[in-house]
Amino acid sequence: MVWTDGGARGNPGPAGYGVVVTDRDGNLLAELSEGIGWATNNVAEYRGVIAGLEQAKALGARRVTVRADSLLAVNQQLGRWKVRNQGLRPLADEARRLARGFERITWQHVPRERNRLADALANRAMDAQGRLRRPSTTAAEPSRPVQGKLG
């Protein structure tokens, strides 16, 4: 079981994801979280899905159920919805490529209330980044934490 969540404060804004991998009995196998800088909620959701699939593969899983509270990611991976945002296309394609590496994969949308641990990890990842500067439209570098005092 791969439980994933991603979020962004401001959308776009400081973003991160959380992933929980369990066995079929619910025993914890791995927890992942990462702040990913300035991004949209959907980018963070997909980054979580990708990290979760990579972790499941590294743990030797052959059959995986992905549970996410992102209707967009789940329905796009099921082929019900098109990937219209060109910025999401590479992430959706990477998730699809990773999914093909399993004997069987099941995609399930779950409400946030059932995804609390992955949600908490995503929030922790966003918080751990500190305050980020909004990138300029010409910036070639990723956003970085603001150093020093606020106010």
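Annotations
- Residue 101 sits among other residues whose Cβ lies under 14 Å from its own Cβ, and their net charge, with Lys and Arg +1 and Asp and Glu -1, is +3.
- Karplus-based coupling profile of the stretch 69-80, in residue order and whole Hz: 8, 8, 4, 4, 4, 5, 5, 5, 5, 7, x, 6, with θ = phi - 60° in 6.51 cos²θ - 1.76 cosθ + 1.60 and x standing for Gly or Pro.
- Rounded accessible area per residue of the chain, 1.4 Å, Å²: 58 Å²
- Segment residue 96-residue 114, extension gain: residue separation times 0.36 nm, minus the distance between their alpha carbons: 4.1 nm
- Extension gain, residue 23 back to residue 106 (0.36 nm per residue minus Cα-Cα distance, nm): 28.4 nm
- Under the convention that each Lys and Arg Cβ holds +1 and each Asp and Glu Cβ holds -1, the size of the dipole of the stretch 28-92 around its Cα centre is about 400 debye.
- Backbone geometry of the stretch 108-113 corresponds, through the Karplus equation with coefficients 6.51, -1.76 and 1.60 at θ = phi - 60°, to 3J(HN,Hα) couplings of 9, 7, 10, x, 3, 4 Hz, x marking Gly and Pro.
- Length-normalised contact order of the chain in % [C-alpha pairs under 8 Å, at least 6 apart]: 31 percent
- Translational D in µm²/s for the stretch 1-76 (Stokes-Einstein at 10 °C, 1.306 mPa s, Kirkwood Rh from C-alpha pairs): 129 µm²/s
- The GNM of the chain, with springs linking C-alpha atoms under 10 angstrom apart, assigns the highest mean-square fluctuation among 42, 75, 27 to 27.
- Under the Debye formula (equal points on every Cα, no solvent term), log10 I(q)/I(0) of the chain at q = 0.18 Å⁻¹: -1.01
- About its Cα centre, the chain has a charge dipole of approximately 380 debye under the convention of +1 per Lys or Arg Cβ and -1 per Asp or Glu Cβ, with nothing else charged.
- Mean residue ellipticity (222 nm) of the chain, computed from DSSP H runs ≥ 4 via -39,500 (n - 2.57), nearest 500: -10000 deg cm²/dmol
- The chain, accessible surface, carbon-and-sulfur percent (1.4 angstrom probe): 46 percent
The values are calculated or read from the model by the stated rules, or taken from the named source; none is laboratory data. What you see is a predicted model, and the numbers here were worked out from it, not measured in a lab. All Cβ positions, glycine included, derive from the backbone under ideal geometry; neighbour counts span all protein chains shown. Please note that ligands, DNA and RNA were not included when accessible areas were found on the heavy atoms of the full protein model with its side chains. Shrake-Rupley method; radii C 1.70, N 1.55, O 1.52, S 1.80 Å.
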